[in-house]
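Each remark here refers to the structure printed beneath this line.
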Amino acid sequence: MIELEHICKTFGSGEHAVHAVRDVSLSIREGEIFGIIGFSGAGKSTLVRCINLLEAPTTGRVTVNGQELTGMDERALRKARKKIGMIFQSFNLMPSRTVFQNIAYPLHGSGLSRERIEEKVLSLLELVNMSEKRDAYPSQLSGGQKQRVAIARALASDPKVLLCDEATSALDPQTTRSILRLLHTLNERLGLTIVVITHEMAVIKEICGRVAVMENGAVVEQGEVFDIFSNPQQTITREFIHTTSNLSKIYDLIEEGSPVVELRPDELIVQLTYVEKNVSEALISSISRNFGIDVNIIFSSIEIIQNAPLGGLVAIMSGPRDQVEAAVRFLIEKNVQVEVIKDGRMASAVCS
């Protein structure tokens, strides 16, 4: 559906030039929800604006639904853009118009009769669960309601693609989840191809099938969400993972000498990380039962991504050393990554 080939976008020239996007090539399939994630200044918003040519690339080609946008004149581009909807963090609703009028606005000049426009707007209001707010003004709506209206307006022209530029950044977590559920429903019901631009790891995990990670204007990693975040190759990707995980707190506890991490000689502190989609067994209860050891979970950060567990936990394993080591080998055979963070025998030797 979307092909970006060697996209570059430079603002200014000479020594004052800002290279916002650097040689980005992406292929986004029809009907998928594709995420682009990066910290502020990574170039992701500039890149998404290159998809509908709100920002014309300095170099490179943009093809959407088989049409090369970068080769079009202004008239043809305006027509092609009607099939590319876009929603923003700031909603961009017209304050002096009602919800109904905001949604109907893109249909003016479409050639549709007044009755057909009303019918279409009412169906869109129902689709985004805002029928009771048709005569309200934006100032009377919550942030989530405003974004639902913005989504309905973006769908008015029956687009094939929906671009979401930080669409949930201004919303609280509960409202964010409701908007993401709505986008997922629209993707399934309408077959929309959705591109999600965000700096929030949780958004990518919640809704996207594939993701591209951007840093300094370039895509540094891309692939299936589970694969990228279960086995990150780049430092920036690992930093994103840490923003939604509490597992690294174990190192703070060790450095502080917390009683929570004081070990007997027969104990280990381990971090277990799920790295394969087929890891879905009740492994903790399994090793406790089969190897006769105790497993005390200190931290856990596990989510279901693409129908598989992603994340891990930090735990203290207690029991006969040969049984603990056998349990570790069992976990490794089950595609669980095991890292020994602290060994009670070594700690005891240091103390003595």
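Each value in this text was obtained by applying a stated rule to the coordinates, not by laboratory testing. Fair warning: this is a prediction, and the values are worked out from it, not measured in the lab. Cβ sites come from the backbone with ideal geometry, for glycine too, and all protein chains shown count toward neighbours.
Here are the numbers for the structure shown:
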item	result
Förster radius 22 Å - calculated FRET efficiency between Arg61 and Ser13, Cβ distance, rounded to 0.05	0.50
Likely footprinting exposure, Arg75, Arg61, fewest C-beta neighbours within 10 Å first	Arg75, Arg61
Positive minus negative residues near Leu263 (Lys, Arg vs Asp, Glu; Cβ under 9 Å)	-1
Linear extension gain, Glu239 paired with Ser258, 0.36 nm per residue minus alpha-carbon span	4.3 nm
Residues Val270, Val48, sorted so that the one with the fewest Cβ neighbours within 10 Å comes first	Val48, Val270
Dipole of the chain, positive direction: furthest Cα of Tyr251, Ile103, Leu331, with charges on the beta-carbon	Ile103
Potential lengthening between Ser27 and Arg75 on full extension [0.36 nm per residue; Cα-Cα distance subtracted]	14.7 nm
Cβ-Cβ FRET estimate between Val220 and Asp294, R0 fixed at 30 Å, reported to 0.05	0.15
Structure-based [θ]222 nm, the chain - -39500 (n - 2.57) summed over DSSP H runs of at least 4, per residue, nearest 500	-10500 deg cm²/dmol
Gaussian network model of the chain, Cα within-10 Å springs - most flexible of Val338, Val203, Val18	Val18
Net charge over other residues, Cβ less than 11 angstrom from the Cβ of Asp23 (K, R count +1; D, E count -1)	+1
Inter-probe distance in nm under a simple model that places probes 7 Å from Cα toward Cβ, at Lys334 and Lys249	2.5 nm
Acute angle (nearest 10 degrees) that the helix 114-127 long axis makes with the longest principal axis of the chain, alpha-carbon atoms	10 degrees
Distance violations [Cα-Cα > 25 Å] among Lys79/Lys120; Lys205/Lys334; Lys44/Lys120	Lys44/Lys120
Spin-label pair Glu132/Met94, simplified geometry with 7 Å Cα→Cβ offset, distance in nm	2.7 nm
For the range 196-207, Karplus couplings with θ = phi - 60° (6.51, -1.76, 1.60), whole Hz, Gly/Pro x	10, 9, 7, 10, 9, 4, 4, 5, 4, 4, 6, 10
Pairwise label distance in nanometres, Met346 with His184, each label 7 Å out on the Cα-Cβ vector	4.1 nm
3J(HN,Hα) from dihedral phi, the range 288-294, Karplus parametrisation 6.51/-1.76/1.60, rounded to Hz, x for glycine, proline	5, 6, 7, 10, x, 10, 9
Surrounding net charge for Ala104, when Lys and Arg each add one and Asp and Glu each subtract one, Cβ distance under 13 Å	+2
The chain: Rg to Rh, with Rh as the Kirkwood radius over Cα pairs	1.09
³J(HN,Hα), Karplus 6.51/-1.76/1.60, whole Hz, each residue of the range 320-328, x for Gly, Pro	x, 4, 5, 6, 4, 5, 5, 5, 4
